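Data first, discussion second: the structure below is written as structure tokens.
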Amino acid sequence: MNNSKEGDAPLAQTIIQLIKNEKLQNVQQLVRLTKERTSATEKEIIEQVIRLQSQGKIKLDESPAPTPQKLSTYLKTKRASWYWITMILATTTAVTVFTVPEAYPIVYIRYILGTIFVIWLPGYSFIKALFPVKPPLKTSSESLDRLERLLLSICMSFVLVSILGLLLNFSPWGIRLTPVILSLLTLATVFATAGIIREGQRQMKEST
């Protein structure tokens, strides 16, 4: 019995390392990679995976739903949630700025939404349009991907807002609240829509 447990230790460690370091799509891929690195049989690997999951040492996510073949259907999936959140945030901010009075404490709603609207939303939608699936720099984990996209979004927002301010300064409308808000709303909508279209096309292409 002890020999069995000692023999399972390297197998368990290999499985844990693969789940930690590799971006696995399903259990079959985990079994295949484990067989390549160990002498264990498929039955032994599956039993070890079940044992590790029951012990709470690993967590197996549900298999992702198949990617729909139509963009209109793709917009209804969980993958497109970022697009609807972006649209809701942008629209809500614009409506709030024009309707909520500058009276305390309700004015803080304008400040919070306005900050997100200016320093994050334009850059985020622009980065999504350029890199719909993965950020430009390859990282070792999904959390670093999110951090990279966040930093790029903030930096790009400053660039886009600066360019927009320069253009409005030389336009008949000038740098006033209404043209600034409407311009940022337009930028976010156009870039986010381009991003979801490219993302949907990429996902549908990869699934075929």
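Just so it is clear, none of the values below were taken in a lab; they were calculated from the coordinates. All figures in this text were calculated on a predicted structure; none of them were measured in a lab. All Cβ positions, even for glycine, are placed from backbone atoms using ideal geometry, and neighbour counts span all protein chains on display.
Structure note, pairs Lys23/Lys76; Lys20/Lys78; Lys57/Lys78; Lys23/Lys59; Lys23/Lys70: Cα-Cα distances above 21 angstrom occur for Lys23/Lys76; Lys20/Lys78; Lys57/Lys78; Lys23/Lys70. If R0 is taken as 41 Å, the Cβ-Cβ distance between Ser72 and Val95 corresponds to a FRET efficiency of 0.95.
Taking θ as phi - 60° and the Karplus parameters 6.51, -1.76 and 1.60, the scalar couplings of the stretch 39-46 work out to 9, 6, 7, 4, 4, 5, 5, 5 Hz in sequence order, x denoting glycine and proline. Note on Trp82 and Gln29: the model spin-label points, each 7 Å out from Cα along the C-beta direction, lie 1.8 nm apart.
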